[in-house]
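Inspection log for the structure reproduced underneath, given as structure tokens.
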Amino acid sequence: VMSPSSSVLEPEDGEPFARVHRAHYRGFVVDAPSVLPASLHDDVERAFDDMRSRGEFTHDIVSAGNKVSTTYVRRCLLGEDGMTYHYQKLRLFAQPWRGREAYEVVRRLNETLTRSARERCEKLGGAFAESECEYNVTLINYMETEGESEIELRNEEKFDLGTTSVSWHSDSSLRENSTVAVYHTYEAPERKDWRVALRALNAECEVLCVPLEDKATYYMCGEFNATHHHAVLTGSSARYSSTHRVAVVAKDTFRYIKRRCIDALAIVPDLERENKPLDAKQIQFLADVHREVEFQWIRMFHLQGEAHAAWHDTYWTRKIAELTEAWDRMEACFRVILSKLKRSSRSPESPPRAYAMLLYALKTVKELRDEYTKRTKASAYASLPPSQRPVDLPAYDDTSPLPFELKPVIYFLEDEQNKV
């Protein structure tokens, strides 16, 4: 059995490092700073500093199982219009990178890295040449040193690698066989002490530990991210890293959720029609969309606080208002369905499956609201500035079609069902 230190190789180990890299880490490629034009480096550095001075980098509050915790790093997401990125039960909303000068610079960097990534993958050949490199988002991280960080950083204990800013993981919510590009820059360029550690998941081999110079770019080509874990080992001056990704789009764009809302609202007149029997499948579809838009979009947006909403004022606040309007209409439809079921319990033509379906829908929403409320009370939120704490939206008052707490509605519906 190898001791932790003997199971880690660095470039200075020479041939053993090169041999293991060729055999097990071929998809990991580093570009020297000179590959990108000096003017782009300067513009990117100014853009990142501008974004940080405006307070655009914030800690994410993520959730795994029942644990709610704060990320070690501050970050923000930029990307194509309507893009989001979902990880650890949190949806990040991308600031469109067409608009402000700083965002346009990041878009230029993205286009440059898209071209470079494609060249690297083609050079590697084989399955790598088929890898997707059309980046639609970049998650930009601001990482502080151990002494500066508000959040206590942890040591990497398995291989004794020292302090980590990002512990062992694979990036999630990415298109299959897509390449990840990471550009980074330091506050103190002369120090080359930020390192990325790599370990193979499907092979018994040494861990690689790669020091990175200021303004270098590294690529995890093809399936590398899926077949390896990586960790970021903390250096002695602050670091920005811009991680360019081909994020999944199946259920993570505004276009997708708006289409879902349009389809759900299209069946509302049918469900509300006076003498038309209720269709359980239609109730199920309405309930699915209602639940998705409330918990995956509206609440996810407001969970991140007032400052987050203000930052997204040019694009997302209007989109979330649109989704909230659609959600309101669905709530009103549920109220009408309840009235129809109440009337039908007094007539012989009662649709038992409609009761069962609506009951299931309301109970699920109640559970999710309870879970959401519990999450917002986690201590991780209490440590944030007030402007970054969850905002309780969508709002409820006496004019709302249904209450936030659905327990009385569920009891009422069960009672009506028993009369049938």
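Read-outs: derived from the displayed coordinates by stated rules, not from any lab. Keep in mind it's a predicted model, so treat the numbers as computed, not measured. For neighbour counting, all protein chains shown are included, and Cβ atoms are generated from backbone atoms with ideal geometry for every residue, glycine included.
Quote to one decimal, in nm, the extra length available between residue 170 and residue 335 on full extension: 0.36 nm per residue of separation minus the C-alpha distance between them.
Full extension from residue 170 to residue 335 adds 55.0 nm.
Counting only pairs 8 or more places apart or on different chains, how many lysine pairs in the stretch 5-245 have C-alpha atoms closer than 23 Å?
Taking the Cα cut-off of 23 Å, the pair count is 4.
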Requested in this report: Determine the gain in length on full extension of the stretch residue 90-residue 22; use 0.36 nm per residue of separation and subtract their C-alpha separation, reporting nm with one decimal.
Outcome: 20.8 nm
**Report entry** Whole-Hz ³J(HN,Hα) from phi, Karplus 6.51 cos²θ - 1.76 cosθ + 1.60, for the stretch 166-179, glycine and proline x
**Finding:** 9, 7, 3, 6, 10, 5, 10, 6, 10, 5, 4, 6, 9, 8
Query raised in the report: For the stretch 235-251, in order, what is each residue's ³J(HN,Hα) by Karplus, 6.51 cos²θ - 1.76 cosθ + 1.60 with θ = phi - 60°, in whole Hz (x at glycine and Pro)?
Result: x, 9, 9, 4, 9, 9, 9, 9, 9, 8, 9, 9, 6, 5, 10, 3, 10
Query raised in the report: Given springs between every Cα pair under 10 Å in a Gaussian network model of the chain, which of 361, 231, 23 has the largest fluctuation?
Result: 23
Query raised in the report: Within the chain, what percent of beta bridges assigned by DSSP are antiparallel, to the nearest 5?
Result: 90 percent
**Report entry** Among [x] 166; [y] 146; [z] 194, the entry that matches volume of the Cα convex hull per residue in Å³ as calculated here
**Finding:** [x]
Report summary line: Between the modelled labels at residue 379 and residue 152 (7 Å from Cα along Cα→Cβ) the distance in nm is 1.1 nm
Query raised in the report: Assuming R0 = 45 Å, what is the FRET efficiency of residue 50 and residue 201, from their Cβ-Cβ distance, to the nearest 0.05?
Result: 0.75
Report summary line: Shape descriptor, the stretch 129-239: equivalent ellipsoid semi-axes (Cα gyration tensor, sqrt 5λ, whole Å, largest first) stand at 24, 18, 13
Query raised in the report: Build a GNM of the chain with springs between Cα atoms under 10 Å: which of 198, 265, 286 gets the top mean-square fluctuation?
Result: 265
Requested in this report: Between the alpha-carbon centers of the stretch 154-180 and the stretch 83-143, tell me the distance in whole angstrom.
Outcome: 18 Å
Query raised in the report: When the Cα centres of the stretch 214-291 and the stretch 293-362 are compared, how far apart do they sit, in Å?
Result: 18 Å
Query raised in the report: Amide H to amide H under 5 Å from residue 393: which residues, 5+ apart in sequence or cross-chain, H placed 1.01 Å off N in plane?
Result: none
**Report entry** Long pairs among 276/363; 342/419; 340/363; 251/319; 366/419, criterion Cα-Cα beyond 21 Å
**Finding:** 276/363; 366/419
Query raised in the report: Going highest first, how would you order 393-399, 304-310 by mean Cβ packing within 10 Å?
Result: 304-310, 393-399
Requested in this report: With a bin width of 5 angstrom, please list the P(r) values of the stretch 1-123 as percents of all Cα-Cα pairs, from the 0 bin to the one holding the largest distance.
Outcome: 2, 8, 12, 14, 13, 15, 15, 13, 6, 2, 0, 0
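Which value at 222 nm does the chain reach when only helices count, each DSSP H run of 4 or more adding -39,500 (n - 2.57), with the total divided by all residues and rounded to the nearest 500 deg cm²/dmol?
-12500 deg cm²/dmol
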**Report entry** Residues whose placed amide H lies under 5 Å from that of residue 156, excluding near-sequence neighbours
**Finding:** 161, 162, 163, 164
Requested in this report: Could you pull out every residue, at least 5 positions away or on a different chain, whose amide H is within less than 5 Å of the one on residue 188? Hs are placed 1.01 Å off N in the peptide plane, and Pro or chain starts have none.
Outcome: 238
Query raised in the report: Considering the chain as a Gaussian network with a 10 Å cut-off on Cα pairs, which listed residue, 362, 113, 77, attains the greatest mean-square fluctuation?
Result: 362
Report task. Take every Cα-Cα distance within the stretch 5-245, group them into 5 Å bins from 0 onward, and report for each bin the whole-number percent of pairs it holds. Result -> 1, 6, 14, 18, 21, 19, 13, 6, 2, 0
**Report entry** ³J(HN,Hα) computed for each position of the stretch 378-385 - Karplus, 6.51 cos²θ - 1.76 cosθ + 1.60, integer Hz, glycine/proline x
**Finding:** 5, 4, 4, 6, 4, 7, 7, x
Query raised in the report: Based on the mean of other beta carbon atoms within 10 Å per residue, what is the order of 51-62, 209-220, most packed first?
Result: 209-220, 51-62
Requested in this report: With the cut-off at 18 Å, report for the stretch 254-419 the share of all Cα pairs above it, as a whole percent.
Outcome: 62 percent
Query raised in the report: Between residue 366 and residue 262, what length in nm is gained on full extension when 0.36 nm per residue of separation is reduced by their alpha carbon distance?
Result: 35.0 nm
